[in-house]
Each structure stands twice: as C-alpha cells, then as structure tokens.
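K.L.:
If you scroll down you'll find the structure; I have some questions about it.
Read-outs throughout are calculated quantities, based only on the coordinates presented, and are distinct from any laboratory measurement. All of these numbers come straight from a predicted model, not from anything done at the bench. Note: ideal-geometry Cβ built from the backbone for every residue, glycine included; neighbour counts use all protein chains shown.
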Amino acid sequence: MVIVMKDSASETMVDAVSEKLEKYGFKVHKVVGVNRTILGGLGDIRNLDIREFEIMEGVLEVLRITEPYKLASRAFHPDNTIVEIKEASFGSDVVTVCAGPCSVESEEQLYTIAREVKKAGAKVLRGGAFKPRTSPYAFQGLGERGLQLMQQVGEEMKIATVSEIMEIAQLDLMVQYIDIIQVGARNMQNFSLLRELGSVKKPILLKRGLAATIEELLMAAEYIMSGGNYEIILCERGIRTFENYTRNTLDISAIPVTQKRSHLPIIADPSHGTGRRDKVAPMARAAVAAGANGLIIEVHHDPDHALSDGAQSIYPHQFQRLMEELRMIAWAIGKRI
C-alpha cells in the first residue's frame, strides 16, 4: 500500500508511520517529493485495517495498489523518475540517444564509431563486450578487454557507456568499467541476476523480453527496485510475433502504455525491433513521436563486415541524418535532443 503524508507532516510523523509499517511486517520504501513524502509498504495487507494508518498524525491518505508491481507504479511515485549519468538524462524533456556498435571488435573500430555518434549528438556509447548469440560458433565478444575499451573511450570522449551483462559472475567487471548496465531480453526474467542488480549503485537498462507482456517487464523492474536500486531505464526492443519480414515487431504502443502505468523512463530499440537497416530510421522517428524518453541504435562504419548484427546497423552518415530528423520531431512534441 501507499501512504501519502501531508505537506505539513514532520520527520517525526513520517518516522512514526514507517515504524508502524515495519511492526506489521512491511518493507518500507520512502520517496521524498517536492511537497510531500510518500511511503510504500510492501507486504500482506489482506488482514490489515488501513484505518489504523489513516488516523495517524500527518497522514493525508492511504491507498491500496492493485497492480502487482508496487514500486514501479505511478501510485507509489506519481512524478517521472529521471535517471542522469554524465551528460545523459532519461525521463526529462530530453530525448537521449544511445548509439554505437553491436559488439566491440577492436580499439580502432570503437574509436571510429564513437567519434561519429558523439559528433551527431549521442549522449551514451553502446557496445557489447559479452554477446548472447543464438549460435555457439558466432562471435561472443571480447569480454573484459571490450569493457576496458569502452571505459577508455568513454573517459577520453566524455560520454557515458552502456553494455550488456550476461550473468552474475560478470557483475564486478561491469561495475568497474561501465556507466549503465544493460539487461538483455533473454535475461529479463533472470530473477537471481535482477536481485543482485538491486544492490548496485548504477543505472540499469532493462530490455523487454522476446515475448514478455508490459506487466512482466514492470515486474522485472520491481525485482531490481525491491533491492534498493530505483535507477532503471526500461527499453521496448520488439517482441516475437507471427510476422517474419522483420526480426521482431517493435511495439510502439508499449511506450505510452508504460508511461501511464509507471514512472520509470522508457526508450526504444529500433535496431533489434526490426533487424533491418532500412527500417531503423522510420521506427526511431515513430518511437520519438510516441513519447519515448530515448533510443538505443546500432551504428557501424562498415556494417557489411561487422562481427555481429551488421544487417541492422546503420552507417554514421545515416545516423547523423536521423538525429537531424529526430530534433524536429522532438521539438514538435515539446522535447529536445
């Protein structure tokens, strides 16, 4: 349940309510807003008389959250969560673009692409060091060396970095080298990993699973938030449907639906969402028009020879043109790139 305190409620009143919640076995999460404090109580409310809390000094109202996701719900946190790292901001009036190669292949490759995407306006450099591949014989990434290159380029070019984690054993390396830790579609319901990420003090980019519902995505975020990490960026990356012309079906409608139900920022991945270079730009434009808080796009200077996902990687000059188009769309809906 959610307990909304009055504007005039003192810290002593807030503490008294928190202590009573804990006495009844609830885990308490506190959000301090501009005007008032909100307390979220996670626990069994079936046999609880909420009137005991309604009459407490300083309490404005007590609400039962009907959604299974509590901390990710707007009932708990009415205002948008804004996740900021270096020059990147997710959840504000800025549309933040992450761009870079699918995989880090070499130092020269990463520097070449990083210079191009930053020049065009990207605020986050993406690049995979550990790659989940359908075939065990495909390129699996450079591992720790790839993370070191991401850190090196990020620090030199003053740009935030994001890379995907595959398993708990990689967590210490990710925390050491990367600014934003990405949980890929295949790991969206890796609950052991999600629990561990709850104790990490870095933003988490959580991608929607291949066939996951919006509720399941928010429940995955709930796992991380219940551990204490509220800095989560959701990502709509396409779901698997009966359509086979595109790699996946990018669910644009998930963007406004999720924003209505949750305070967490949500971005779109038109590269994985379509799997086709010629479809990346139109779907990126559509996602921004639908209100996405950002995009994550695969860019490669020589996609025909990329070691992974070259078919869905756009050229730097295409990315530059796309950024110019996105600026106009963002302006039209009251946002900016």
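K.L.:
Run the quick spin-label model on Glu11 and Gln176: label points 7 Å from Cα toward the beta carbon, then report their separation in nm to one decimal.
P.N.:
The answer from the label model is 3.9 nm.
K.L.:
Moving on to the next point. Ordered by residue, what ³J(HN,Hα) values in Hz, to whole numbers, does region 165-176 give under the Karplus form 6.51 cos²θ - 1.76 cosθ + 1.60, where θ = phi - 60° and Gly and Pro are x?
P.N.:
Values, residue by residue: 9, 9, 7, 4, 4, 8, 4, 4, 5, 4, 5, 5 Hz.
K.L.:
Then there's this: Cα extents of region 201-337 along the three principal axes, largest first, in whole Å?
P.N.:
The principal-axis extents, from largest down, are 43, 34, 32 Å.
K.L.:
I would also like to ask the following. Within 10 Å, count the other beta carbons around each residue, average over each peptide in 40-48, 222-230, and list them highest first. Intermediate values should be presented prior to the final figure.
P.N.:
Details: 40-48: 15.0, 222-230: 20.6.
Packing order, densest peptide first, comes out as 222-230, 40-48.
K.L.:
Can you tell me the 0 to 90 degree angle between the C-alpha axis of helix 107-120 and the longest principal axis of the chain, rounded to 10?
P.N.:
The angle comes out at about 70 degrees.
K.L.:
If you don't mind, there's one more thing I want to ask. I'd like the FRET efficiency for Asp304 and Phe242, computed as 1/(1 + (r/R0)^6) with the beta carbon distance as r and R0 of 30 Å, rounded to 0.05. Please list the in-between numbers first.
P.N.:
Details: r = 30 Å, r/R0 = 0.99.
Here the calculated transfer efficiency is 0.50.
K.L.:
Defining a contact as two alpha carbons under 8 Å apart and six or more residues distant in sequence, what relative contact order in percent does the chain show? Can you show the working numbers first?
P.N.:
Working: 712 pairs, mean separation 54.6, N = 337.
Result for the chain is 16 percent.
K.L.:
As a footprinting exposure proxy, order Leu295, Leu171 by other Cβ within 10 Å, with the fewest listed first.
P.N.:
Numbers: Leu295 28, Leu171 16.
Taking fewest neighbouring Cβ atoms as first place, the list is Leu171, Leu295.
K.L.:
Taking amide H positions as placed in the peptide plane 1.01 Å from N, state which residues far from Leu205 in sequence (5 or more) or on other chains have amide H under 5 Å from it.
P.N.:
Ile181, Gln182, Val183, Ile233
K.L.:
What do you get for the angle between helix 316-332 and the principal long axis of the chain? Use alpha-carbon atoms, 0 to 90 degrees, nearest ten.
P.N.:
40
K.L.:
Taking H placed 1.01 Å from N in the peptide plane, check which residues at least 5 places from Val59 or on another chain put their amide H under 5 Å from its amide H.
P.N.:
Lys6
K.L.:
Report, as a whole number in µm² per second, the diffusion coefficient that Stokes-Einstein gives for the chain at 4 °C and 1.567 mPa s using the Kirkwood radius over alpha carbon pairs.
P.N.:
Numbers: Rh = 20.8 Å.
The estimated diffusion coefficient comes to 62 µm²/s.
K.L.:
Pop a pseudo-label 7 angstrom from the Cα along the beta-carbon direction at both Glu61 and Glu87 and give the gap in nm to one decimal.
P.N.:
4.3
K.L.:
Given Met174, Gln151, Ser192, which one lies farthest toward the positive end of the charge dipole of region 83-332, if we put +1 on the Cβ of every Lys and Arg and -1 on the Cβ of every Asp and Glu?
P.N.:
Toward the positive end, the furthest listed residue is Ser192.
K.L.:
Rounded to the nearest 0.05, what FRET efficiency do Asp44 and Lys119 have when you use their Cβ-Cβ distance and R0 = 51 Å? Mind showing how you got there, number by number?
P.N.:
Working: r = 54 Å, r/R0 = 1.06.
FRET efficiency, Asp44 to Lys119: 0.40.
K.L.:
Taking only Cα atoms, what is the 0 to 90° angle, nearest 10, from helix 11-23's long axis to the longest principal axis of the chain?
P.N.:
In the chain, helix 11-23 runs at an angle near 90 degrees to the longest axis.
K.L.:
What spacing in nm lies between the two simple spin-label points modelled at Lys27 and Ser135, each 7 Å away from Cα in the Cβ direction?
P.N.:
Computed distance between label sites Lys27 and Ser135 equals 4.3 nm.
K.L.:
Related question: Give me the distance between the Cα centres of region 258-337 and region 171-188, rounded to whole Å.
P.N.:
So the separation of the two Cα centres works out to 21 Å.
K.L.:
From the gyration tensor of the Cα coordinates in region 183-248, what semi-axes in whole Å does the equivalent ellipsoid have, largest first, with each one equal to sqrt(5λ)?
P.N.:
Values: eigenvalues 117, 20, 16 Å².
The answer is 24, 10, 9 Å, longest axis first.
K.L.:
Using a Förster radius of 35 Å, what is the FRET efficiency between Lys20 and Arg74 based on their Cβ-Cβ separation? Nearest 0.05, please.
P.N.:
Working: r = 25 Å, r/R0 = 0.71.
Calculated transfer efficiency: 0.90.
K.L.:
Work out the length of the dipole vector of region 83-332 about its Cα centre, built from +1 on the beta-carbon of each Lys and Arg and -1 on the beta-carbon of each Asp and Glu, and round it to the nearest 20 debye.
P.N.:
On the way: 27 positive and 30 negative charges, 83 e Å.
Here region 83-332 has a charge dipole of around 400 debye.
K.L.:
Farthest toward the dipole's positive end in the chain, which of Val17, Val83, Ile333, given Cβ charges of +1 (Lys, Arg) and -1 (Asp, Glu) about the Cα centre?
P.N.:
The one lying farthest along the dipole's positive direction is Ile333.
K.L.:
Also, I was wondering about something else. Note down the net charge around Tyr177, summing +1 for each Lys or Arg and -1 for each Asp or Glu among other residues with Cβ under 13 Å from its Cβ.
P.N.:
Working: positive: Arg145, Lys202; negative: Glu144, Glu155, Glu164, Asp172, Asp179.
My count for the surroundings of Tyr177 gives -3.
K.L.:
Still on this structure, I have one more. Hey, got the Cα dimensions of region 27-175 along the principal axes, in Å, largest first?
P.N.:
The Cα atoms of region 27-175 stretch 65, 36, 23 Å along the principal axes, largest first.
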